[in-house]
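What follows is a single structure, written as structure tokens, with notes after it.
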Amino acid sequence: MDSTGPALPPISPDPADWPTGLAEQVEPLVRRVLAPNPSPYTFNGTQTYVVGSQGDVAVIDPGPNDTGAAGHADTNGVGHVDAILRAIGDAKLVAIVCTHTHRDHSPAAAPLALRTGAPIIGCAPLVLADDGPRADAAFDPTYTPDRVLRDGETLAGSGWTLQAVATPGHTSNHLCYSLRESGALFTGDHVMGWSTSVVSPPDGDMADYMASLQKLYDRDDSVYYPAHGPAVTNPRQLVRGMLGHRRQRERQILRVLEGAPQAIEAMVPQMYKGLDPRLNGAAGRSVLAHLIDLERQGRVARSGETWTIPT
């Protein structure tokens, strides 16, 4: 995440406003269950969404495979998979849908499938070893989808239709999902309600991320339901701000390098004033993603760990 991104709505820090394990109705076809995995990169935890009001339902981003052990239980003392099953109740789970395969999003898919018989549908499998310090959750090696959705493909149930919207950038396999009946878009980590997304090479790609933001800006979705943070009720305004923020960050990088060739670790404190030290790794990865994009454009060059503006 990037703590110096575009202005976001005030967010309550009170844990009572973010109860874990409870099914909260956010609109007639959508309920939300918060997992007990807060961190500097997940905000108050991963939000799992149950789509459908009767008959059959889908679960989007089942989250971490928490068992209810000490430190991994919700406010009622049970694990996240059990909390999802409780939210589903007597309905039939017909699809377990994942936006991408970071470990705060997809590991609960396998145990949920085992207990319900529902297929795992959505993003393609992806497991990579990062070439630097992790800036967010590592990849999930257990994710094995029964069906991979391509851009524009759909799945449907009783009164609901989800359509895949390919949004690479945060990860190359990232998908958002449009709920046709209400105009909502489930945005995973691509657009969040509390911070901008981490774009961490080698898989995270800034050019792809910017193109995916533009793709969402050109849509007419009415509300975003992200995996972390509150719902976004002004989606186009927020995305416009995110695009502007990234372009501003790019210009800032070029200004820093105009002074002298530098390594990323020297650039971060100049660019991120007052940043929580725990987020230095994420900031460095974001700078690297921008630099790689600028390098492809021929606007910067590198020698070892040092970056410069070519003459």
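The values are calculated or read from the model by the stated rules, or taken from the named source; none is laboratory data. Computed from a prediction, not measured in an experiment: that's the story for all the values here. Positions of Cβ are generated from backbone atoms using ideal geometry, with glycine treated the same way; all protein chains shown enter the neighbour counts.
What about T196, is it in contact with a strand residue (DSSP E or B) (Cβ under 8 Å, 6 or more places away or on another chain) and over 20 Å from A95 (Cβ atoms)? It is true that T196 is in contact with a strand residue (DSSP E or B) (Cβ under 8 Å, 6 or more places away or on another chain) and over 20 Å from A95 (Cβ atoms).
Is it the case, given these coordinates, that A263 is closer than 30 Å to E27 by Cα and touching a strand residue (DSSP E or B) at 6+ places or on another chain (Cβ under 8 Å)? The answer is no for A263.
Yes/no per residue for (1) more than 16 Å from A211 (Cα to Cα); (2) part of a helix (DSSP H, G or I); (3) of a type in the set (D, E, K, R):
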position	(1), (2), (3)
P230	yes, no, no
R236	no, yes, yes
R246	no, yes, yes
Q252	yes, yes, no
V256	yes, yes, no
K273	yes, no, yes
N280	yes, yes, no
E295	yes, yes, yes
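Checked across region 204-218, the condition of being assigned to a loop (DSSP other than H, G, I, E, B), in contact with a strand residue (DSSP E or B) (Cβ under 9 Å, 6 or more places away or on another chain) and charged (D, E, K, R) holds for no residue. Could you please let me know if T196 is at pLDDT below 95 and in contact with a helix residue (DSSP H, G or I) (Cβ under 7 Å, 6 or more places away or on another chain)? Yes: the conditions hold for T196. Within region 144-172, the set of residues being surrounded by fewer than 23 Cβ atoms within 10 Å (Cβ to Cβ), within 19 Å of Q47 (Cα to Cα) and modelled with pLDDT under 95 is empty.
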